[in-house]
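Written below as structure tokens is the structure these notes are about.
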Amino acid sequence: MTTADHRAPGGPRIYNLFPTLLGPVPHWHQRLPAIADMGFDWIFLNPVQLPGDSGSLYSIKDPGRLNPALRPDQQAEGGGRAKPARNDDALLREFCAAANKRGIRVMLDLVINHSAKDSILVDAHPEWFARDEQGHVRSPFVRDLDDPDKVTVWEDLAELDYSERPARGAMLRFWEDLIGRYLELGFAGFRCDAAYKLPADVWGRLISGARKRDADACFFAESLGAPEEAVEQLRGAGFDYLFNSAKWWDFRAPWLLDQYRRFRDLAPSVAFPESHDTERLAAESGGSARESRFKYLFAAVFSSGVMMPIGYEFGFRRSLHVVETTPEDWERGRAESPFDISDYIARVNAMKAATPVLCEEGPQERVTDPNEPLVGLLRRSNQGSQRCLSLINPDPEQPQSRGVQQLADALGCAPADIREITPAAATDGDGEAPLESLANRNDIQVPARSLRIFVRD
């Protein structure tokens, strides 16, 4: 079975709707028009289930119950009686249906590497959990790749044990049933948290089981910060996509392209300019719309898929927090929300959707010297003859130039056959000049901290 049989047409354009920032599920509907207008075709929801005592979305106490913070407020009926909360499943089903009507599929975070320490599963199925030498439920941990002596332990979590033993069968059946339930509610895919922590055969069983229920179900592997061999062992599990580390690239070091080449046949990748686990880019850049445009466009052209968290379009500066974020953290309309690049995001997404080579994980290489001021990345299609050349200027101050004939040589065509598809940024109001035409020019200029994108069909 190949993952390509189940992959959605084109590269996924994912909007991460962080549930507790918007609050109760009915409030999520209000964001759907804007998400659709920006050209996203997926919504990714972080965990929506009942959390444990730590309050973390990723410390799930009951995977079958909705987080109370996401239920609508109870409203008084006539005579002062309390109106009961609506059925949790109905809330999620209605949201998925509303998104689908706008051409948007919804994926849910699938957290099955661990549960909350106070999970109902610890009490009901103690044999499912890993134990330390004293017999206590073990907490998951991770070692820093650059400093193995630096270990992070999540004390509020209980690690599930997927080793070969009789208890594993019942545990997998539990997760198969839960996945089936969410598919029935209308979820079309799953972002698999810490996917590298589970053996490939476990994922293979869960993914194949899900596709017996819904042949188009998509699975996205989260493996950031994992050793390469841990990601490698996922080969053959059936993942449709995996998330990459493009956000942290300095545009010089070879590691990102090495990562791309190594894993592109495992599954196409998804890049992002920031995530719910990182600092906000607008906070790091001092609220620069140019920087936010630059990083989003790079993510969109580097990988088959692209993801953006809620609020990026407005330059939100408050980090999304798995325990503390509430609707009170919404920044739009406040002084700390300095811009709105929604229209630009829409243009980038439209460009990506219309350019087949940008929606597949074809061969990609650097065509400029690592020491040159401009970075040229050439992507080739696996399906046809289309090629795309991204000229990236990481310099924060100086524009850089490149000869038109050099572009033509890299793309393997005559200059007249080059087509520029760079989305315009002139309407975003920070004084950036429109891009000049290639006609009758010997070279082209790439403004500071920006990209220009060229294709040969």
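log₁₀ I(q)/I(0) of the chain at q = 0.13, 0.14 Å⁻¹, via Debye over equal Cα point scatterers, no solvent, to two decimals?
-1.24, -1.41
What is the distance, in nm, between label points placed 7 Å from the Cα along the Cα-to-Cβ direction at R332 and at F251?
So the label points at R332 and F251 sit 3.0 nm apart.
Give, rounded to the nearest 20 debye, the magnitude of the charge dipole that the chain has about its Cα centre when Lys and Arg contribute +1 at Cβ and Asp and Glu contribute -1 at Cβ.
It comes to approximately 1280 debye.
What FRET efficiency would be calculated for the residue pair S208, Q405, taking the C-beta separation as r and a Förster radius of 60 Å, to the nearest 0.05?
0.75
Could you order peptides 377-383, 304-310 by the average number of other Cβ atoms within 10 Å of their residues, highest first?
Ranked from most to least packed, the peptides come out as 304-310, 377-383.
Dipole size in debye (nearest 20) for the stretch 268-330 around its Cα centre, Lys and Arg Cβ +1, Asp and Glu Cβ -1?
Using Cβ point charges on Lys, Arg, Asp and Glu, the stretch 268-330 gives about 300 debye.
With unit charges on the beta carbons (Lys and Arg positive, Asp and Glu negative) and the dipole taken about the Cα centre of the stretch 109-255, which residue among C192, W154, A215 sits farthest to the positive side?
Working it through, the farthest residue towards the positive pole turns out to be A215.
With a 1.4 Å probe and every protein chain left in place, work out the accessible area per residue of the chain in Å², rounded to a whole number.
42 Å²
For helix 342-353, report the angle its Cα long axis makes with the longest principal axis of the Cα atoms of the chain; keep it between 0 and 90° and round to the nearest 10°.
80 degrees
As I understand it, the dipole of the chain uses +1 on the Cβ of Lys and Arg and -1 on the Cβ of Asp and Glu, about the Cα centre. Which of S275, G204, I35 lies farthest toward its positive end?
I35
Once Lys and Arg get +1 and Asp and Glu get -1 on their Cβ, which of G376, P394, G362 lies farthest toward the positive end of the dipole of the stretch 357-403?
The residue sitting most towards the positive pole is G362.
Counting only protein heavy atoms and using a 1.4 Å probe, what share of the accessible area of the chain belongs to carbon plus sulfur, as a whole percent?
That fraction is 48 percent.
Compute the length gained on full extension between R419 and L172: take 0.36 nm times their separation in residues and subtract their Cα-Cα distance, giving the result in nm to one decimal.
83.9 nm
The values are calculated or read from the model by the stated rules, or taken from the named source; none is laboratory data. No experiment lies behind these values; they were computed from the predicted model shown. Every residue, glycine as well, gets a Cβ built from its backbone with ideal geometry; the counts of neighbours run over all protein chains shown. Just the protein is used for accessible areas: all its heavy atoms, side chains included, with ligands, DNA and RNA removed. Shrake-Rupley method; radii C 1.70, N 1.55, O 1.52, S 1.80 Å.
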